[in-house]
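The values are calculated or read from the model by the stated rules, or taken from the named source; none is laboratory data. None of the values given here were measured: they were computed from a predicted structure. Here the Cβ positions follow ideal geometry from the backbone for every residue, glycine too, while neighbour counts run over all protein chains shown. Accessible surface is based on the protein model in full, side chains and every heavy atom, while ligands, DNA and RNA are left aside. Shrake-Rupley method; radii C 1.70, N 1.55, O 1.52, S 1.80 Å.
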Amino acid sequence: MRTDKKDESKNYRKGEPARETEESGSLYDLLQQYGCGPIQFTSEDGLYERHLIFDNVSSLKSAGSRERFEAAARSVRDVLSQRWVETEAMYERKNPKRVYYLSMEFLIGRSLSNNITNLLLNPIVKQLVEKKKIDPIEFLEQEPDAGLGNGGLGRLAACFLDSLATMQLPAMGYGLRYEYGIFRQSIKDGWQEEQPDNWLRRPDPWEVERLSEAVEVKLNASFELSGGSLRVIPGQPSSLLGIPFDRPIVGFGGKTINTLRLWSTAVPNYFDFAKFSGGDFVAALAGTLAGESLTRVLYPDDSTSLGQGLRFMQEYFLVACSLADLVRRFRRGNADWNQLPAKVAIQMNDTHPSLAVPELMRILLDEEQLEWEQAWDLTQRTLAYTNHTLLPEALEKWPVAWFEILQPRLLEIIYEINRRFLDEVRRRFPGDEERIARVSLVEEGAGRKIRMANLAIVGSHSTNGVAAIHSNLLRTITVRDLAEMFPERFNNKTNGVTPRRWLHLANPALSRIITEAIGDGWITDLGQLRKLQPMAEDRGFQEAFLRAKGEAKSAFADWLKATTGQGVDPDSIFDCQVKRIHEYKRQLLNVLRIIVLYNRLRDDPGLDVRPRTFFFAGKAAPAYRLAKVIIKLINNLAGTIDGDPAVAGRLKVVFLPDYCVSLAERLIPASDVSNQISTAGYEASGTSNMKFMMNGALTLGTRDGATIEMAEEAGEENFFLFGLTADQVVGGSGWYDPWWHYENEPETRAALDRIASDAFSRYEPGVFRPIGDALLKNGDFYRHLADLASYLEADRRLCDLYSNPQEWARKAILNVAGSGKFSSDRTIAEYAADIWGVEPCPVR
Ligand code: 26V
């Protein structure tokens, strides 16, 4: 029999049709018989080809770049799948305390190259790419950025996941699976235009839909779509389903593979047959469409709480799904509710998931029938809260009326929390009614609101800021009364970024010379970069550093040319400011600096200056008018300078559209100068500042956020700090008059006059009036003019240094050597020890 079968299969391979016979054997044999030809399933390239042919029904020759990307991603996923399953199985077996990171945003960017790197597959992939003559860039570019976040807060969450997995900590991220991430930005006539980011248009190879783990969220209202927008129907209870989509988070070395679980809405069995039978097909589906719209799109505002109802529902949906899921997981391994804080740590990323406070109480009280005192104690000990901003307009407050409509039970619980809390305040501060009004969870007045930050602080055991200065301002100014009541809850956790993505992967040239110099231990222990300190004096290493920087600059210039046709000179100083466009981040201060430099060159064409290229990138919230005018000004300035032969080859301004994680990965390694110039006291931490530092850029910055700690680490003499301090801005006398600077500083005045004269808006006179108004007439709230002169002074010192390449390299190397503290591994180690009490749970 065996021999016959072999013979038969030989025939099939020669092209004879397969016959269904009893001897066909295994499915594998059958596949062979049906003519899979030369594909060997066992080798790595077999894996790739197998996905091409079986998933995409495409041959190696005919496959387009998208198919190649999908096949490559699926092959990588094959490599990690068993490990992924094993990680979860290990957690189930060992039942360690687990961390759940709740965040409305995870700005993960691309995953393929990151997963290849973290799985240590680079050598294999390199061989394959050469053997198959694949252009890696072409198909890597096929992967859309997962842009599920606005900026710093979302990217921080993504860096944290990388560190948690790398450090083998039992952790999970919970977020929403927005079908549309942060909008795509294009520039037309200098203005920002927004396009929807339909990143899931093609199937995403990383996500795994887990229908069997769907959860039901009960609401006291229903939804319908009317005229294209979502309408809430109060008093008509309904349910939504949360469908989890899991994404693997590969720790460096591929040992631990944690999960990022993103929820998507679905409507349970909703189909209105009455309407359908009546012939109204659209109406029959209306409820489904409405319910499923909830997770359709990410809100693109990151600094104003616009109080939109859909956003409020998104936040509740995230909390309700995630808590139901983690409680279910807790119950699988634990019978005793008192064990909850010993087994579960929940971190709330800003107030966005702070409905977790009343929702956890609701579960413990109503579903598990615990007494109030016990439920409250467990809730507080399980939850912790991170604050990311001091801007008053960004602090969330939700109308009481919306709680009444969506989930009145949560409101009852919040009122009871507040009643007990205010009793305590009265006991401790008798007669201090003003204090009561300040700390109450409820803001009184027309349209009562719940103060979400107060709720998060009162309902948790830890509140942290994200840099030393920020944590101090939070404690002493923003929520001073609460910090006075619960001083032990307040702590600082200075942010960090993952060195895997932001140095090892993004900057291969620098990564290589570092590893050659000190070994590769730095990748998971960034403090080891200190070993570079003595090498800062070494001629050979300085030259290697400058070569690596030159390589990264050329790579960026080539990419820019190839993708946009725009040329930049890699021998010029690359000077960058990349971040959301916001008044407090002061892109306008940078613009004023450039106009002053431009004016100097025009006034004295013989001036000997280093050629410079100024890069800007960043998105403006679509409703933030002035931020959009700032983008327009940058673009018009770029155009004017490009058209002016007097400065050709010496000054160039480039606005790079559609800033995203992938663009940052290209630009940051190529930059010489990092601008971190927020008004002191306003940038909570910043994280791009750290990425630039790690990549050997020098910082021109104010004493704000984590930049202060960065300068401490590298030595102030290796930083270019300038401007007012936070004490001078926040605690100063309050007197400030921009007109004084206008009248007494000729360069400041000339720069402002040039904007006002429509020199940058000849065909649209007056478009920049709002900028003149903000900087002069309306008092220059963010004090641009106060800092311009000292900015220019620091800029001059920096440029002088650039003409001494060795000295420049020395300082840049000292910056890299001092950047070890800003690994997110250090940050996560601190969260794990001080807030969560979790320990590694290695997967064998
Ligand atoms: C606020 C809001 C307000 C309501 C509408 C939606 C929305 C979305 C996001 C935010 C928070 C934005 C806050 C944020 O990204 N903060 C940044 O967090 C970084 C990580 O801690 C920190 O480095 C930056 O300094 C800080 O601006």
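Each residue in region 558-601 was checked for being away from the ligand (no atom under 16 Å from the Cβ) and open to solvent by 10 Å² or more (accessible area, probe 1.4 Å), and 16 of them qualify.
Out of all the residues in region 205-222, which are open to solvent by 20 Å² or more (accessible area, probe 1.4 Å) and not β-branched (Val, Ile, Thr)?
As a first pass, look at region 205-222 and keep what is open to solvent by 20 Å² or more (accessible area, probe 1.4 Å): 207-214, 216, 218, 220.
Once the filter is applied, which keeps residues that are open to solvent by 20 Å² or more (accessible area, probe 1.4 Å) and not β-branched (Val, Ile, Thr), region 205-222 yields Glu207, Glu209, Arg210, Leu211, Ser212, Glu213, Ala214, Glu216, Lys218, Asn220.
Exactly one residue out of Leu285, Leu289, Leu230 is modelled with pLDDT under 80, over 30 Å from Lys579 (Cα atoms) and buried (at least 18 other Cβ atoms within 10 Å of the Cβ), and it is Leu285. Scanning region 116-141 for residues being closer than 30 Å to Leu298 by Cα and either modelled with pLDDT of 95 or more or within 16 Å of the ligand (Cβ to nearest atom) (or both) gives a total of 3. As for region 391-407, it holds no residue that is away from the ligand (no atom under 16 Å from the Cβ), within 32 Å of the chain's Cα centre (by Cα) and over 23 Å from Lys218 (Cα atoms). The criterion of at least 2 residues that are of a type in the set (Asp, Glu) is met by the following helices (runs of 4 or more DSSP H) wholly inside region 347-456: 372-382, 408-428, 433-439. Only residues that are assigned to a helix (DSSP H, G or I), within 26 Å of Phe574 (Cβ to Cβ) and not aromatic (Phe, Trp, Tyr) were counted across region 779-805, and they come to 16. So the check is Cβ under 7 Å with 6+ separation or different chains; which pairs have a first residue in region 700-712 that's within 13 Å of the ligand (Cβ to nearest atom) and open to solvent by 10 Å² or more (accessible area, probe 1.4 Å) and a second one that's among the charged types (D, E, K, R) and part of a loop (DSSP other than H, G, I, E, B)? From region 700-712, no pairs qualify. Got a sec? Which strands (runs of 3 or more DSSP E) wholly within region 117-201 have at least 1 residues that are open to solvent by 20 Å² or more (accessible area, probe 1.4 Å)? So the answer is 184-188, 191-195.
Filtering Gly639, Gly649 for residues that are open to solvent by 10 Å² or more (accessible area, probe 1.4 Å), within 24 Å of Arg797 (Cβ to Cβ) and touching a residue at least 60 places away in the same chain (Cβ under 8 Å) leaves a single hit, Gly649.
Condition test on Phe317, is it modelled with pLDDT of 95 or more, surrounded by 19 or more Cβ atoms within 10 Å (Cβ to Cβ), within 30 Å of Thr524 (Cα to Cα) and aromatic (Phe, Trp, Tyr)? Write out each step before concluding.
On the way: modelled with pLDDT of 95 or more: yes; surrounded by 19 or more Cβ atoms within 10 Å (Cβ to Cβ): yes; within 30 Å of Thr524 (Cα to Cα): no; aromatic (Phe, Trp, Tyr): yes.
Answer is no for this residue.
Hey, among the residues in region 677-693 that are within 24 Å of Asp569 (Cβ to Cβ) and open to solvent by 10 Å² or more (accessible area, probe 1.4 Å), which one's farthest from the ligand (Cβ to nearest atom)? That would be Lys691. The set of residues in region 61-94 being surrounded by fewer than 17 Cβ atoms within 10 Å (Cβ to Cβ) and either polar (S, T, N, Q) or outside any helix (DSSP H, G or I) (or both) consists of Lys61, Ser62, Gly64, Ser65, Ser81, Gln82.
Among the residues making up region 811-840, those that are among the charged types (D, E, K, R) and in a helix (DSSP H, G or I) are Lys811, Lys821, Asp825, Arg826, Glu830, Asp834.
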